[in-house]
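Comments concern the structure below.
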Amino acid sequence: MKKVYSSAEKALEGLLHDGMFIAAGGFGLCGIPELTLQAIKEAGTKDLTFASNNAGVDDFGIGILLQTKQVKKMISSYVGENAEFMRQYLSGELELEFNPQGTLAERMRAGGAGIPGFYTKTGVGTVIAEGKDHREFNGETFILEEGIFADLAIVKAWKADETGNLVFRKTARNFNQPAATCGKICIAEVEEIVPTGSLDPDSIHLPGIYVHRIVQGDHEKRIEQRTTRKREEA
């Protein structure tokens, strides 16, 4: 089965439709599937629901789809640094479902494992818990969170082999790994594709069984924050 495609546009062929649910990897501006997001923008697919740790910034990441009003709902943990997101949310144009980061990652992982729901203490007693089932275990209250089952997962990895085994680099591993597992179809964009068998099995972060289509390309790799410290004199 061929998994390597020549472009993000080719990899998306036959998959996009209005109103679909997409799980996207990335942590801040690190490890964002930027090529696939650009291809979705150019396809004009609308009324999208995204499960993603964040909504990017105004001109990068999911932010480019907010600019064109292709996103109907965000399921996210952090939505700062995006003026268009704020404008659409406050005006009622955009739905928002807040999730604590650990809960969102576990919802993706649960969906990938075929688990429909789980109970967690995170969010008990806050607006996060409103309308959710509450249960007591060992005298403590937990709330029910549902697993995420997306139509499509889009992720960014460092390396892949031709069968779809993926290796992530550092912070890019956050959310990309669970997001990849919870979609009916997963597209992985990567910096490098290596021959099958050349990756050390102990270094593979995601088995190729989860990955259906692979795209190699050049990535912008923005840095979200940079801090500097004055060098101490000897």
(request) Please identify every one of the trypsin sites (Lys or Arg not before Pro) in the range 66-128 that sits in a loop by DSSP and has no more than 16 other beta carbons within 10 Å of its own beta carbon. (result) K69, K121
(message) Can you list residues from other chains, or at least 5 along the same chain, whose modelled amide H is less than 5 Å from the amide H of T141?
(response) none
(message) Cut-off under 25 Å on the C-alpha distance; same-chain residues fewer than 8 positions from K3 excluded. Which lysines are left, in chain and number order?
(response) K41, K156, K159, K170, K184, K221
(message) Computed from the coordinates I sent, Rg and Dmax of the Cα atoms in Å equals one of [x] 18.4, 62; [y] 17.0, 53; [z] 22.8, 75. Tell me the label.
(response) [x]
(request) Would you calculate the separation in nanometres between label points at D47 and E162, each defined as 7 Å from the Cα along the Cα-to-beta-carbon direction? (result) 4.1
(request) Taking the dipole about the Cα centre of the chain, with the C-beta of Lys and Arg at +1 and of Asp and Glu at -1, give me whichever of F118, G147, P33 is farthest to the positive side. (result) P33
(message) Rounded to the nearest 20 debye, what is the charge dipole size of the chain about its Cα centre when +1 sits on each Lys and Arg Cβ and -1 on each Asp and Glu Cβ?
(response) 240
(request) At a Cα cut-off below 18 Å, give the lysines reachable from K46, other chains included and same-chain residues fewer than 8 away excluded. (result) K69, K72, K73
(request) Before anything else, pin down the relative contact order of the range 102-183: Cα pairs under 8 Å, at least 6 apart, normalised by residue count, whole percent. (result) 37
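Indicate the gyration tensor shape class of the range 75-206 (rounded, prolate or oblate), computed on the Cα atoms with a ≥ b ≥ c the square roots of the eigenvalues: a/c under 1.5 is rounded; otherwise a/b larger than b/c is prolate and the rest oblate. Show your work: numbers first, answer last.
Details: a/c = 2.61, a/b = 1.54, b/c = 1.69.
Oblate.
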(request) Place +1 on the Cβ of every Lys and Arg and -1 on the Cβ of every Asp and Glu in the chain, take the dipole about the Cα centre, and give the residue among L15, S203, S77 whose Cα lies farthest towards its positive end. (result) S203
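How large, in percent, is the carbon and sulfur part of the accessible surface of the chain at a probe radius of 1.4 Å?
Working: 5850 of 12050 Å².
That share works out to 49 percent.
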(request) Mind checking the per residue accessible area of the range 97-160 for me, 1.4 Å probe, whole number of Å²? (result) 50
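Add -39500 (n - 2.57) for each DSSP H run of 4 or more in the chain, then divide by its residues: what number comes out at 222 nm, to the nearest 500 deg cm²/dmol?
Numbers: 6 runs with 45 residues, N = 234.
Value at 222 nm, helices only, nearest 500: -5000 deg cm²/dmol.
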(message) With the crude spin-label approximation of a point 7 Å out along Cα→Cβ, what separation in nm comes out for T171 versus E191?
(response) 1.4
(request) With a cut-off of 11 Å, note down the residues of the range 138-180 whose backbone N falls inside the zone around a label point 7 Å from the Cα of I204 toward its beta carbon. (result) 161-167
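How much net charge surrounds E42 when only the other residues with a Cβ under 14 Å from the Cβ of E42 are counted, with Lys and Arg +1 and Asp and Glu -1? Write out the running numbers ahead of the final one.
Values: positive: K10, K41, K46; negative: E9, E13, E34.
So the surrounding residues net to 0.
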(message) So if I take the centroid of the Cα atoms in the range 100-170 and the same for the range 37-55, what is the distance between those two points in Å?
(response) 20
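Please compute the contact order of the range 57-157 in relative form: average sequence separation of alpha-carbon pairs under 8 Å and at least six residues apart, divided by the residue count, as a percent.
Details: 128 pairs, mean separation 22.0, N = 101.
Result for the range 57-157 is 22 percent.
The values are calculated or read from the model by the stated rules, or taken from the named source; none is laboratory data. Being a predicted model, the structure only gives us computed values, none of them experimental. No Cβ is skipped: glycine too gets one built from the backbone with ideal geometry, and neighbour counts run over all protein chains shown. These area figures cover heavy atoms from the full protein model, side chains too; ligands, DNA and RNA do not enter into them. Shrake-Rupley method; radii C 1.70, N 1.55, O 1.52, S 1.80 Å.
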